[in-house]
Amino acid sequence: MPSPRESARAIFRAALAAADPRRAMRRALQRDGDQLRVQDRVYDLARLRNVFVIGFGKASATMAQAAEEILGDRITRGWVNVKYAHTAPLATGKIHLREAAHPLLDQNALDGTQKILEILDGATENDLVIALVSGGGSALLELPSAGVSLDDLRALTDALLRCGATINEINTLRKHSSQVKGGQLARRARQAQLLALILSDVIGSPLDTIASGPTAPDATTFADALNVIERRGLRGEIPASIVAHIARGARGEIPDTPKTGDPIFARVQNVIIADLTIACDAAVETARQLGYNTRLLSSFIQGEAREFAKFLGAIAREIDASNRPVAKLTCIVCGGETTVTLRGKGKGGRNQEIALAAAIEIAGMPNVVVLSGGTDGTDGPTDAAGAIADGETVARASAMGMDARAYLANNDAYNFFQPMGDLLLTGPTGTNVNDVMVMIVG
């Protein structure tokens, strides 16, 4: 059997492989000549004038590769916005990739969104638009509402990340400060058929939340957005232009996002092609093959990263002391997306923070390993997917002159793990289905 550290890495790699976008696209798109079957719907390619491809998200370049492999001879043209360094080689030359920033917006995202809208504006009822949607799409597809600037949206995103807002709260405000989110991209597609192929990075895969739901009905309202502002105390933290716009909407002065039952969705098909469940199931299967008594604890993990780490530590101690709830050798698999409330000025991400906080909780337990990684290969504004820790991590760090608790207090997990060689460095993976956490108790 591989060492616990090697096992944890192998289990994480299996999760990544299961969520590969090209594999997911081939599962979703079944082509037989001019017949393209997607679930229970068949598109007759011979009757279509054009097939356009648009995309936005961290995994959308890899999805575009698969689209070319399956439909390359029928694609008219396309435009895909991707995160910097998340590109992929495209063979046909018909689909243009535009790199842009994530999680904070830049001008490239806005310029690329205008190109996507130009394609939609030219599409007719005889055309099919295929939208490749993945996590990160909220930042990579954007056209601000009237009176709202790029700098305003940047300030909004920064304030939301700093206050520890949930992904649902973030998306509620994004949708109501935008002209493309919350079903508004589908509205812009007009008469064309719209097929959205979605790689989900949101717990439970709600269509209205992934990438801020540009092709799905929106259940949130301007009133909901205003409530988030009040609940999080954001009136003095976000630009006045956004507060004013949302307040106008809450008073009914601006049309809200399209809701369930809007006729625009009659010509829209939204399909989840891969999500966290697939990744976690693969991790569990690999752990069992390696000989571990394995449990999927939950694929709905949310909340503060360091609090989740305390929970993992408590489970590790219970297993070590009593072989409950699972007997050793044990592997616990979790999935989800935690948040970090920034208290310091260090460098890191939620997965690195989980690993650092867990290292403190399992200190002195050399038989325990915790790995936490983002399936997109990037955790926060760093080049690491996450980190790996064990019961000796804190002692090793102390011998190197590092105080684990001080680094955690400063949200500086990256600079803690880097000199120890314990960062999880995968590079951009081409996929994005939330985070996977692996704990081994030997």
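The values are calculated or read from the model by the stated rules, or taken from the named source; none is laboratory data. If you're wondering where the values come from, they're calculated on a predicted model, not measured in any experiment. Counting neighbours? That spans all protein chains shown, and the Cβs are built from the backbone with ideal geometry, glycine included.
Within region 86-97, track down each residue that is under 25 Å from the mean Cα position of the chain (by Cα), of a type outside the set (V, I, T) and part of a loop (DSSP other than H, G, I, E, B). Break it down into steps so the answer makes sense when it comes.
First, the residues of region 86-97 that are under 25 Å from the mean Cα position of the chain (by Cα): 86-90, 95-97.
After this cut, where a residue has to be of a type outside the set (V, I, T) as well, the list is 86, 88-90, 96-97.
Hits for region 86-97 are H86, A88, P89, L90.
Every residue, every condition in (1) surrounded by fewer than 24 Cβ atoms within 10 Å (Cβ to Cβ); (2) in contact with a strand residue (DSSP E or B) (Cβ under 6 Å, 6 or more places away or on another chain), yes or no:
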| site | (1), (2) |
| --- | --- |
| L156 | no, no |
| A159 | yes, no |
| C163 | yes, no |
| I170 | yes, no |
| K175 | no, no |
| G182 | no, no |
| R188 | yes, no |
| Q191 | yes, no |
| S200 | no, yes |
Take G348 and tell me if it is under 30 Å from L197 (Cα atoms), modelled with pLDDT of 95 or more and crowded, with 22+ Cβ neighbours inside 10 Å.
no
In region 93-121, residues that are in contact with a helix residue (DSSP H, G or I) (Cβ under 7 Å, 6 or more places away or on another chain) and either touching a residue at least 24 places away in the same chain (Cβ under 8 Å) or among the hydrophobic types (A, V, I, L, M, F, W, C) (or both) total 13
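Only residues that are in contact with a strand residue (DSSP E or B) (Cβ under 8 Å, 6 or more places away or on another chain) and more than 21 Å from R5 (Cβ to Cβ): list them for region 306-326, please.
Correct list: P325 only.
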Quick check on region 4-27. Is at least one of its residues over 23 Å from the mean Cα position of the chain (by Cα), in a loop (DSSP other than H, G, I, E, B) and either loosely packed, with under 15 Cβ neighbours inside 10 Å or not hydrophobic (A, V, I, L, M, F, W, C) (or both)?
no
Subset of region 245-260, residues on the phi < 0 side of the Ramachandran plot and assigned to a loop (DSSP other than H, G, I, E, B), comes to R251, E253, I254, P255, D256, T257, P258, K259, T260
Within region 214-241, considering residues that are of a type in the set (D, E, K, R) and touching a helix residue (DSSP H, G or I) at 6+ places or on another chain (Cβ under 9 Å), the one surrounded by the most Cβ atoms within 10 Å (Cβ to Cβ):
D218
So how many residues does region 286-326 have that are aliphatic (A, V, I, L, M) and either farther than 21 Å from T166 by Cβ or without any contact (Cβ under 8 Å) to a residue 24 or more places away in the chain (or both)?
9
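Might you let me know whether region 205-213 holds any residue that is surrounded by fewer than 20 Cβ atoms within 10 Å (Cβ to Cβ) and touching a strand residue (DSSP E or B) at 6+ places or on another chain (Cβ under 7 Å)?
Checked region 205-213: at least one residue is surrounded by fewer than 20 Cβ atoms within 10 Å (Cβ to Cβ) and touching a strand residue (DSSP E or B) at 6+ places or on another chain (Cβ under 7 Å).
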Among the residues in region 65-83, are any under 18 Å from L153 (Cβ atoms) and modelled with pLDDT under 95?
yes
Restricting attention to region 202-219, which residues are under 27 Å from V42 (Cα atoms) and in a loop (DSSP other than H, G, I, E, B)?
G204, S205, P206, L207, D208, T209, G213, P214, T215, A216, P217, D218
How do the pairs read when you match residues in region 192-205 that are under 17 Å from L120 (Cβ atoms) with residues anywhere that are of a type in the set (D, E) and surrounded by fewer than 20 Cβ atoms within 10 Å (Cβ to Cβ), using Cβ under 7 Å and keeping only pairs 6 or more apart or on different chains?
A192/E125
Go through region 122-133 and give me each residue that's more than 17 Å from E68 (Cα to Cα) and either free of Cβ contacts under 8 Å to residues at least 60 places away in the same chain or not charged (D, E, K, R) (or both).
G122, A123, T124, N126
Filtering region 128-154 down to residues that are surrounded by fewer than 23 Cβ atoms within 10 Å (Cβ to Cβ) and of a type outside the set (S, T, Y) yields L143, P144, A146, G147, V148, L150, D151, D152, R154
Within the bounds of region 288-304, is there any residue that is among the small types (G, A, S), over 23 Å from the mean Cα position of the chain (by Cα) and either assigned by TED's automatic domain parsing to the domain that holds A327 or under 16 Å from G374 (Cα atoms) (or both)?
yes
Among the residues of region 62-85, the number that are assigned to a helix (DSSP H, G or I) and hydrophobic (A, V, I, L, M, F, W, C) is 6
Search result, residues across region 302-356 that are among the hydrophobic types (A, V, I, L, M, F, W, C), over 26 Å from I278 (Cα atoms) and in contact with a Ser or Thr (Cβ under 9 Å, 6 or more places away or on another chain)
I319, L356
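G427: over 16 Å from I362 (Cα atoms), surrounded by fewer than 24 Cβ atoms within 10 Å (Cβ to Cβ), assigned by TED's automatic domain parsing to the domain that holds S298 and within 16 Å of the chain's Cα centre (by Cα), yes or no?
yes
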Taking region 327-347 and keeping only residues that are in a loop (DSSP other than H, G, I, E, B), in contact (Cβ under 8 Å) with a residue 40 or more places away in the chain and aliphatic (A, V, I, L, M), one is left with L329, V340, L342
Output the residue which, of all residues in region 409-422 that are buried (at least 23 other Cβ atoms within 10 Å of the Cβ) and of a type in the set (A, V, I, L, M, F, W, C), is farthest from F12 (Cα to Cα).
F416
